[in-house]
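See structure below.
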Amino acid sequence: MTKKNESSSDRVVLKVDNLRIHYATPQGDVIAVSDISFKLYEGETLGLVGESGCGKSTTAYGILQLVQPPGYIVHGSIEVAGTEVLDLEEEELRKFRWTGLSLIPQGAMNSLNPTMRVKDQIIDVIEAHEGKQSDKEALRERIFGLFQNVGLPNRIYNMYPHELSGGMKQRVCIAMGVALHPTVVIADEATSALDVVVQRIVAQTLVKVKDEIGVSLIVIGHDMGLLAQIVDRIAVMYAGKMVEIAPVANVYAKPLHPYTQLLIESIPSIKERKPLKITEGITHDPRNPPSGCIFRLRCPFAWEHCAEVEPLPIDVEAKHEVACHLFDERFEDRRANAYATLANS
Amino acid sequence: MPTPLLQIRDASKIYYSGGFLGEKKSVVALDGFNLTIEKAPATITTIAGESGSGKTTLANLVLGFIKLTSGKIIFDGEDITDMTAEQLKVYRRNVQAVFQDPFGVYNPFYRIDHVFDLVNNHFSLSDNRSEYRDMVEAGLNVVGLYGEDVLRKYPHQLSGGQRQRIMMARAYMIKPRLIVADEPVSMVDASLRASILDAMLRLRDDHGISFLYITHDLSTAYQIGDQIYMLYQGTTAERGTALDVIDAPQHPYVQLLIDSVPVPDPTDKWDVDISLPSEEEMRTAASQGCRYYPRCPHRMDRCLEEQPPLYKMGKPKHEAACYLYEENEIAPIEPPLLENRVISTAAFDSGRRRQRERIAVAVLVVIALALGFFVGASRQPETVVETVQETVVITATALPEAAAPTEAPPTATSPPAAAPESQAIVPAFVVEPEGASDKGSIAWGADAVGEIEDADDRHLYTFAGYEGATVQLKLITGGRGLSGTGFYAPLATIFGPDAQVVLAFDRARRSHSGELTFPADGDYQIVIGADDRGRGVEVYTITIEGDEPAAPAATPMPTLPPPAFAVEPAGAVDKGTIVLGEDTVNEIEDASDRHLYGLEGIAGTTVDIKLITGGRGLSGTGFYAPLATIYDPNGEIVFYFDRARRSNSGSLTFAETGSYQLVIGADDRGRGVEVYTITFEPADA
């Protein structure tokens, strides 16, 4: 008997290494994703967070090889269960999507084909990969099984998307996303357009299906409350950089990177009224990021060293990395001071 | 009394579709809605609800974009539906809007200063160039921005937060008295929302501008809101101060909503899996009665009859529209309309008629209460009421004719049948350890649990305890099948060596912990079973943490104890025999006060039984359980009320002639209950 959220093993199913993605503009390239590396473990749910424009969706689309021009992958490696995604030919890649990697897109409610019945859309996905299915009865049972996984009633089998509510459409997308038992599913803001009760149902469905089918999940979002409920680890991005990646309990109990701290502090609560924590967004020009640390212009603890040297990820404990000079052993005194300041504020 | 800034009375908006060839359909977006915003001090009034609740319809009505189907909107004493073009222009100056999408409202080809130029042209704020620039700068400063940083930029060069604050600055320059802000933060990053909320607070506190803040985000409402209206399908489910409502929601819908707001704390996870009824169910039931009926875990037959009025809750201005609070005072209808000029409309008159009818209902209720149906003082809804006073009325319209009973039935005046003492009376809805499967002994510090598959599957474990030793217990469960109830109740109970309950887990939560100090050496038992509605539960882990004790002696399982939370007729007050049709009885004062009645049954006759109860103090538990059980002459249970519902009915065919017993008592959490009426009526022949 395993407990929820302790299901992740140490087997790496997705390894992103030194991935860099640019968007070409006439004024020069915008650095959307800047040399990020991370691992996703088997059975794990990883949350990818950051404010708009931090590159979280671009990272996801990069992994799926769906970056559209003028965006392009500059360099890097993306390995899914031993397969280097960047080396796949177009036809191999087409096969790999849905079976190796699948996406539950942002605004999934609008990504169903309005002219096709729900069943036909799911059959389409299955037949595109497994060929024409001769046993129609088995196919139907299989789709009913998928419906059951995501808590949908069988009667929607013959319905059109417009006959379904937003939450049901979202669950159809989840059903399609897991139909071929992919290794990794990426859910891009899969619940952000839903009412809070429906959001809870969809989020719980996502986690349940993940556990039942045994896939690994990347959830992209900015609702820190929702992520606290459903993920095992959180990766925090800022302006194209990954600044911290940590087990979820650590992120909320003791965020290490100054930006993660800011993110946690700015979560509105329904338990207590607290002073508003006012911050501006990303302030630098994404074509000319500051030297050294990407966050130093907004960081309350930055000093000269931060402008000179870019901080590299430091392992602070198992599965917990932070890219900040404060956690370099050489600057232990500064870290103590910084935390003292924080405690007083 | 000064004229309020905004008064909305009995406002309804119905959208019609079809009707030419097909069937004409209507959707009620807003139904008899009332709202008052006072002039001073300026406030932020939140309108919250899910999509389809009517909140955006309300915003559009107040902004004058759409017209009411019936009712009135009065701004500073002027009815906005009857305004002339001139008056409307003044109104638009007074009531400004900030919309959801901080991208769509800007023309991407113009710099930011163009936004302010347009305002100046339209409202002729100033002819003087330098005076105008000062006004723009002042407006930007109020929302925490500086002209030099933003005015010469293009919209795409600013963050969503900055763009929304510029819209606030723009609204501020016109010096409105009310800003309708429709989801102003929902498309902005969480980390930038605070700056917008801060701008709203500054406009409210420093510049006396009130807000109608439309949102589905309860956390921001909680941070800055004054009053809050929780809308459900066009009606107000609950209202009060944002802090009162969100801290202690009373309406079942609002409870579910607030419980569903994800808490940013990985150690505080959602209690239960929930599901929604199908779309059709949710729509069709809305025609009459409470709109939340199809989804409500507390629904009663009563809820279908008429839409519940707003009842007063404990805190001032806190009101909820739910019959669970029927014994509370009905909230007064809004203060009378204060208008500068009265324009009578048919719609308004019908609204007033409805108000009068509601007053009449209120008066009737008050009279009924005075007549003795209700003896309680108004209560604090957030406290669990331990003491309950009530009356049980037992009536029967006609007794079944006992034509030729073989034995003379006991007369009405005969002493009540004594409880059959020799027989162990086992109530029906508790875990019955006899049926539990023996799962062996638990080793301390190690997990020891399996899955409980269904209501019949009960597990029993034993473990050793040592007098004075203390262990930490934690029960973590995962639920299935209790959709929408907000309630989760595995029965996990620990019995001591003397068969007494030493610890029972709090059933209102999924994650329990507790400390147990063993009262004596010996073998303890833990019984885990289905919840008391007979539904299966899934138990993940029970850990018992503590020092590893000396190896417990393997002992045979002791005789299982009687369950702990049953009514014990032995402790009940003997209330005599009920004469069906005549007798009324009693008050149950508290958890230890249990009543026992004798009933004379005649073999072969059937009675319909109806129990109507009114509960108090069980708010938020989704659970209501008076124990009302009928035992036959042999001490067997022949009838008990379904505890999942408040309104119960059933029928009982007396199997034999003799003395039956009815036991009424507290629920199995030891809380008082209030029983209004039990009726026994002969069944249709």
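Assorted remarks:
- Residues of type lysines that B:Lys67 reaches as a straight line, Cα spacing below 30 Å, ignoring anything fewer than 8 places off in the same chain: B:Lys13, B:Lys24, B:Lys25, B:Lys39, B:Lys55, B:Lys89, B:Lys175, B:Lys317
- Gain on full extension, evaluated as 0.36 nm per residue between A:Thr341 and A:Leu297 minus their Cα-Cα distance, stands at 14.0 nm.
- For the listed peptides B:29-41, B:50-62, a ranking on the average number of other beta carbons within 10 Å per residue, highest first, reads B:50-62, B:29-41.
- C-alpha center-to-center spacing [the stretch A:221-286, the stretch A:29-51] in angstrom: 14
- Shielding by other protein chains, A:196-207, mean Cβ within 10 Å: 5
- Förster radius 35 Å - calculated FRET efficiency between B:Ala138 and A:Arg287 (Cβ-Cβ, nearest 0.05): 0.55
- Taking 4.7 Å between beta carbons as the limit, the unpaired Cys residues of chain A are A:Cys54, A:Cys173, A:Cys299, A:Cys324.
- Averaged over A:261-271, number of beta-carbon atoms from partner chains that fall within 10 Å: 6
- At full extension, A:Val309 and A:Glu329 could sit 5.7 nm farther apart than now, given 0.36 nm per residue minus the alpha carbon distance.
- Across peptide B:221-230, the average count of Cβ atoms from other chains found within 10 Å of a residue's Cβ is 2.
- Label point at A:Ser77 placed 7 Å out along Cα→Cβ; residues across the stretch A:89-106 whose backbone nitrogen lies under 19 Å: A:89
- With a cut-off of 14 Å between beta carbons, the residues surrounding B:Met135 carry a summed charge of -2, where Lys and Arg count +1 and Asp and Glu -1.
- Span-rule helices in chain A, defined as complete DSSP H runs reaching 15 Å or more along the axis (Cα) with Kyte mean at least -0.5: A:118-130, A:166-178, A:196-213
- Placing a label point 7 Å from the Cα of A:Glu127 along the Cα-to-Cβ direction, the residues of the stretch A:79-120 whose backbone N falls under 18 Å of that point are A:95, A:113-120.
- Excluding same-chain neighbours fewer than eight residues apart, the lysines reachable from A:Lys277 by a Cα-Cα span under 18 Å are A:Lys254.
- The stretch B:205-261 and the stretch B:298-330: distance between their alpha carbon centers, rounded to Å: 18
- Reachable lysines, given that their alpha-carbon falls under 20 Å from the alpha-carbon of A:Lys15 and they are not under 8 places away in the same chain: A:Lys39, A:Lys56, A:Lys95, A:Lys210, A:Lys241, A:Lys319
- Sites B:Thr241 and B:Lys39, calculated FRET efficiency, Cβ-Cβ separation with R0 22 Å, nearest 0.05: 0.75
- Taking the charge dipole of the stretch A:260-344 about its Cα centre, with +1 at Lys and Arg Cβ atoms and -1 at Asp and Glu Cβ atoms, the residue from A:Tyr339, A:Gly292, A:Leu326 reaching farthest to the positive side is A:Tyr339.
- Proximal charge balance of A:His129 [Cβ under 11 Å; K/R count +1, D/E count -1]: 0
- Net charge contributed by nearby residues that have their C-beta within less than 15 Å of A:Gly240 (K/R +1, D/E -1): 0
- FRET efficiency for the B:Asp101 to A:Ala24 pair, using the beta carbon distance and R₀ = 25 Å, is estimated at 0.35.
Each reported figure results from applying straightforward, stated rules to the coordinates on display, with no laboratory input. Since we're looking at a predicted model, the values are computed, not measured. For neighbour counting, all protein chains shown are included, and Cβ atoms are generated from backbone atoms with ideal geometry for every residue, glycine included.
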